[in-house]
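Beneath this line is the structure, given in structure tokens, with notes to follow.
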Amino acid sequence: MSGFTASLLQTLLVLGLSIALAYPLAAYLEAVYDGRPFWARRLLGPVEKGIYRVAGGAAREDMDWKSYALNFLGFNVLGAVTLYLLLPLQGHLPFNPEHFPGMSSVMAFNTAASFVTTTNLQDYGGESTLSYLSQALGLAQQNFLAGASGAATLLALTRAFMRRKGKGLGNFWVDVTRTVLYLFLPVAAIFALFYVQQGAIQNLAAYVHADLIQPFVYDGRGVHQQVLAMGPAASQEAITILGGNGGAFFNGGAAHPFANPSPLSNLGQMLSFILFPTAYIFLFGRMLGRRRLAWAILATTVLLWLPLSLSSQYFELQGNPRLPASVAQEALPLYAGGGDLEGVDLRFGAGACGLFGSLAATTGAGMSGCAYDSAAPMSSGINMLYMQLGELLYGGIGVGLESFLAVMIFAVFLAGLMTGRTPVFLGKKIEAYDVKMVSFAILLMPLLVLLTTALAVALPAGRESVFNPGPQGFSEILYEFSSAVNNNGSDMGGLNVNTSFYNLLSALAMLFGRYFGILPLLALAGSLVCKQGTAVGAATLREDSPLMIVFVALVILLLAAVTFFPALALGPIAAQWRL
């Protein structure tokens with residue numbers, strides 16, 4: 001079996017498993033969010049009621065969009081402040097076996113902004129910087145809560161299409177509570193136990209200092225010991241990928257054997273990237289009674305994602321034509337399947353590296369399974385393109401589907417102008433205010449990415465961190481801010497981002513990208529929920545028709561080409577051509 005055939009089969013397996021598991025999961029979520037009495041509520045209902053008693057009247061209010069948005073923002077501000085205060089103080093707190101000092105204020109600000117926005121862009125090495133308390137209390141709480149707050153905003157937008165002539169979009173606190181209690185906690189626990197069974201570590205033990213059999217000299221000093229990091233890795237890996245966060249417990253990310261020990265655990269991690277995003281697509285269709293529309297959205301997503309992912313895997317398996325076959329490839333042809341293998345996890349091969357990167361880049365998780373700076377230029381370019389599409393192909397939990405719906409509304413408006421039909425989406429007439437909010441949400445992202453990239457390229461503080469000259473160096477900067485603005489969190493490496501300039505600029509990019517992307521869509525929900533439904537007739541376009549699927553796909557590609565093709569041409573396309 002060729003390397004590409006094996007990659008194709010693995011890709012189809014991940015897609016098939018995600019759909020097979022997400023479909024019943026969506027039915028479960030519908031019962032959860034509707035408040036129906038069923039087995040999960042009988043088990044966890046007392047806990048849910050206890051939380052509401054503590055919250056008081058805030059958990060019983062049907063919020064309009066402004067109240068929903070203010071609660072969303074306040075919740076995130078509280079999480080960011082809590083994390084910001086914890087990180088500089090970790091040197092004085094328990095569960096710090098290596099006695100790591102507290103973070104600097106600039107790094108703490110970047111990290112707090114990163115985790116509260118579900119970006120988890122890490123300008124540090126986890127096992128060499130953070131205590132167990134910072135990892136398991138500070139970062140983990142945001143992996144649960146920040147991801148749940150993003151899912152809650154999708155529920156608010158969904159209710160705007162469901163309801164007729166009202167103002168309420170639901171209750172933010174109820175939505176977050178149910179997401180964490182009934183979805184994130186149990187499913188993350190299942191995946192964590194699975195990773196532990198496969199060999200991932202889960203402990204609070206001190207780091208192991210092992211004597212080397214063959215000491216060596218590095219940088220003029222004798223090295224006689226290797227430090228093996230310990231800690232609660234399995235539980236962190238489970239929620240950070242499932243929740244669309246992506247923060248790595250170890251600096252090596254998912255390539256570290258203590259976090260991703262086997263081919264089965266690697267398959268589980270790839271599946272968990274798109275499990276929840278797929279389930280929320282089906283949930284959207286179920287809540288609206290439009291299951292065919294959910295399949296249409298998923299079909300469009302797969303139609304665009306799959307060819308790009310297979311192309312990325314193809315470039316990885318081809319390797320660099322100017323380099324001779326590497327020794328590693330000749331020694332491990334069965335496992336490798338092709339490619340140069342530099343920066344690739346040899347346990348899984350170059351094809352799996354390309355697939356893992358495609359899944360990480362198209363969702364909000366952004367976990368690294370190999371060294372993306374070592375990838376073929378077009379592979380890293382495709383990963384950038386996934387993010388530059390607005391991460392609407394799967395995307396982050398809830399937020400990815402929100403972005404997709406924004407583009408669908410824009411496409412319906414364009415189609416209405418082109419055909420003379422009434423622009424109606426899911427029974428709600430699309431008017432000038434709605435188009436303005438959608439346009440703001442769509443166009444802000446490329447503006448932020450290109451502006452921050454231009455600043456980093458133009459200013460000496462940005463250029464000083466570039467180690468690779470030419471198109472590759474430009475690609476590293478473009479990737480950094482594509483990831484930050486779209487709350488992805490992966491990076492190419494090869495760029496020293498642990499500087500005050502990049503810490504501050506990327507933190508601002510993450511905050512603006514997250515909140516100025518979501519708030520216009522909540523305002524859109526506030527407008528739509530007040531509208532009486534419009535009857536569907538011959539003059540309205542069907543959102544789930546094959547023609548509409550193709551048109552939405554073309555609009556997505558056209559928006560990406562107009563905004564990012566020149567930048568991609570200067571970076572990964574030029575670098576691939578130079579090979």
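Each peptide among 451-463, 362-374 gets the average number of other Cβ atoms lying within 10 Å of its residues, and from highest to lowest they stand as 362-374, 451-463. Here the gap between residue 210 and residue 439, fully extended at 0.36 nm per residue and compared with their Cα-Cα distance, gives a gain of 76.8 nm.
Counting only helical runs of four or more DSSP H residues, what would the 222 nm mean residue ellipticity of the chain come to if each run contributes -39,500 (n - 2.57) and the total is spread over all its residues?
Details: 21 runs with 356 residues, N = 579.
Helix-only estimate at 222 nm: -20500 deg cm²/dmol.
Peptides 280-287, 412-419 ordered by packing proxy, namely the average of other Cβ atoms within 10 Å per residue, highest first: 280-287, 412-419. Between residue 451 and residue 545, the modelled labels are 3.9 nm apart [label points 7 Å from Cα along Cα→Cβ]. Modelled spin labels at residue 20 and residue 532, positioned 7 Å past Cα toward Cβ, are 4.9 nm from each other. With the gyration tensor restricted to C-alpha atoms of the range 168-278, the semi-axes of the equivalent ellipsoid amount to 36, 14, 13 Å, longest first.
In nm, give the distance between the simple-model label positions of residue 292 and residue 42, each being 7 Å from the Cα along the Cα-to-Cβ direction. Roughly 3.7 nm, to one decimal.
Among the cysteines of the chain, those with no neighbouring cysteine Cβ under 4.7 Å are 530.
Here the calculated FRET efficiency for residue 311 and residue 347, from their Cβ-Cβ distance with R0 = 25 Å, stands at 0.60, rounded to the nearest 0.05. Highest-first packing order for the peptide set 112-120, 500-508 is 112-120, 500-508, based on the mean count of other beta carbon atoms within 10 Å.
Calculate log10 I(q)/I(0) of the chain for q = 0.07 Å⁻¹, where I(q) comes from the Debye formula with a single equal point scatterer on each Cα and nothing for solvent. Calculated log10 I(q)/I(0) at the listed q: -0.39. Extension gain, residue 93 to residue 227: 0.36 nm times the residue separation minus the Cα-Cα distance gives 46.0 nm.
Remark: the range 355-412 projects, on average over all directions, an area of 4.0 nm² (convex hull of Cα atoms).
For the range 193-233, what class follows from the C-alpha gyration tensor (a ≥ b ≥ c being the square roots of its eigenvalues): rounded when a/c is under 1.5, otherwise prolate if a/b is larger than b/c, else oblate? Prolate is the answer for the range 193-233, as a/c is 1.5 or above and a/b outweighs b/c. Counting lysine pairs in the chain whose alpha carbons fall under 26 angstrom apart, excluding pairs fewer than 8 residues apart on the same chain, gives 20. How large is the dipole of the chain about the Cα centre if only Lys and Arg carry +1 and Asp and Glu carry -1, each at its Cβ, rounded to the nearest 20 debye? The dipole magnitude comes to about 2380 debye.
Here the range 109-212 is assigned +1 on the Cβ of each Lys and Arg and -1 on the Cβ of each Asp and Glu. Its dipole about the Cα centre then comes out at about 1040 debye. Rounded to the nearest 5, the antiparallel percentage of DSSP beta bridges internal to the chain is 90%.
Values quoted throughout were computed directly from the atomic coordinates according to the rules given, and no laboratory measurement underlies them. Bear in mind that the values here come from a model prediction, so they are computed numbers and not experimental data. Because the Cβ atoms are built from the backbone with ideal geometry, glycine has one as well, and the counts that use them run over all protein chains shown.
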